[in-house]
1. Calculate how steeply helix 295-305 sits against the longest principal axis of the alpha-carbon atoms of the chain, using the helix alpha-carbon long axis, and give the answer as 0 to 90 degrees to the nearest 10.
2. Under unit Cβ charges (Lys, Arg +1; Asp, Glu -1), what dipole magnitude, rounded to 20 debye, does segment 73-270 have relative to its Cα centre?
3. Let me have the 222 nm mean residue ellipticity of the chain computed from DSSP H runs of 4+ only, each contributing -39500 (n - 2.57), with the sum over all residues rounded to the nearest 500.
4. Antiparallel DSSP bridges in segment 12-110: what percent, to the nearest 5?
5. Need the full-extension length gain, residue 38 to residue 105, defined as separation in residues times 0.36 nm minus the C-alpha distance. One decimal, nm.
6. What's the angle, to the nearest 10 degrees (0 to 90), between helix 157-167's Cα axis and the longest principal axis of the chain?
7. Would you mind telling me the antiparallel percentage of the DSSP bridges in the chain, rounded to 5?
8. Mind ranking 328-336, 176-184 by how tightly packed they are, going by the mean number of other C-beta atoms within 10 angstrom, highest first?
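None of the figures in this text is laboratory data; all of them are computed from the coordinates on show. Being a predicted model, the structure only gives us computed values, none of them experimental. Here the Cβ is made from the backbone with ideal geometry for all residues, glycine too, and neighbour counts use every protein chain on show.
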Amino acid sequence: MAVRSLLVRMKEEPLLIDPPVDPDSSAVSERLLEDQDRTVLYSSLNGGSAVGNLFSTRDKIARYLGVRKEDIMEHLMTAMSEPRPFEVIKKGEWMDNVTEDFDLRDLPIPRYYPEDGGRYITAGVIVAEHKGKRNVSFHRMMLIGRDRMAVRLVPRHLYTMHQAAKAEGEDLKVSICVGLCPCGLLAAASSLDYEIDEFEVASALREATLGEPMRLAHGPNGLLVPAGCDYVLEGRITSAEVDEGPFVDITGTYDHVRRQPEIVIDRICHVNDPVFQMLQPGGNEHFLLMGMPREPVIFRTVRQAVPRTHAVRLTEGGCCWLHGVVSVSKNKEGDGTNAIMAAFSGHPSMKMVTVVDGDIDVFDDREVEWAVATRFQGDRMLVVPGAAGSSLDPSSDGTTCKVGIDATMPLGKERLFRKASLD
Ligand SMILES: Cc1cc2nc3c(=O)[nH]c(=O)nc-3n(C[C@H](O)[C@H](O)[C@H](O)COP(=O)(O)O)c2cc1C
């Protein structure tokens, strides 16, 4: 489903920006950061249409999926453990426009911050196959020429596939999809076992929420990609390395320049009247797509330690990556500490977790702080120095000091701690 149909399904009325926007200015970021809850549709960014803040809140993702925001995590958890087959259809919508005569610099791809290394794709999902195994993952891609980009490959599955292809003296064939639905986006952002096909996870999520499978179609290069995304850029990751960055990461701080692989694009396919999706770096949508796929993993790990685990949220204030909240009902004293330890092992990048009782809404920051203020004392904090944390955390000097806050009520004394109610 391409972006214009996604907007219709969500009944979303975007803020329309009609005047031409220079892709090399920071005008896109200015507008997207002004009100991050608001979807913004540009009709002339470098002459083309582009959308930002499309899935920038949990409510918008929930609205698209037709579920409550509190239930997204559980659907995603089931989809990760029970992937479902997708449907292959004959023709992708993007087959209406296929060209080998293009210049990537003509696309509506912006620069976001003045010190960025260049204009770059932020909502691009790369599909690759190697020896019969498919991988689907997000990667930022910086424009460096008519048909070339630098791609950031963290050493995970696509990196492994590329290393293997390189060792065989081959380029790695890829398709870059832009304009995916939240099922595809969340699955692509999930770190699953190598054997699991992210498109089957996306399909399970789509079936459970929207009652239909993901629909994929073969592009001209033979790779299967979502039939309805706006753009498919077909190409190869070569063995050449180029400078990549600097760019702003989820922490809102600058990353440094690295030598990274080059992608050469051979062909561009797009739907009629396409819209290029953008994710504001260090913005809420970036946070949510990074963090939401980690929440089911944290939930499962904590539930093994404390059976009555209710909810998990990686908080926007902690970039949906470094800080989290977990709600549990303790069976015995000490369960709060066990929940803290389990949460850290479920998401090793997290450096602060707050554990609250089941009567606290983890989606309400004020209520979580109220629990900390009224149920917690600083000398009961779990402090774990010298742990491995997130490489994205600018305050880490290699290792991380983790902090766990057990803001649960002591068992047997609930009457003293419960919020007064009029019922
Ligand atoms: C918005 C967004 C941008 C991302 N950018 C990159 C990136 O530039 N490079 C990278 O290696 N991973 C990036 N990631 C993380 C990967 O997509 C994610 O870790 C994914 O799970 C990796 O897939 P894999 O487990 O199949 O290797 C990004 C994730 C999101 C949500």
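1. For 295-305 against the chain, the angle is about 30 degrees.
2. Details: 22 positive and 32 negative charges, 32 e Å.
Dipole magnitude for segment 73-270 comes out near 160 debye.
3. Details: 12 runs with 111 residues, N = 423.
Computed ellipticity for the chain at 222 nm equals -7500 deg cm²/dmol.
4. Details: 4 of 8 bridges.
Around 50 percent of the beta bridges assigned by DSSP in segment 12-110 are antiparallel ones.
5. Numbers: separation 67, 0.36 × 67 = 24.12 nm, distance 2.70 nm.
Full extension of this stretch gives 21.4 nm more.
6. 40
7. Values: 58 of 77 bridges.
Here the share of antiparallel DSSP bridges comes out near 75 percent.
8. Details: 328-336: 17.0, 176-184: 27.2.
Most protected by this proxy first, the peptides run 176-184, 328-336.
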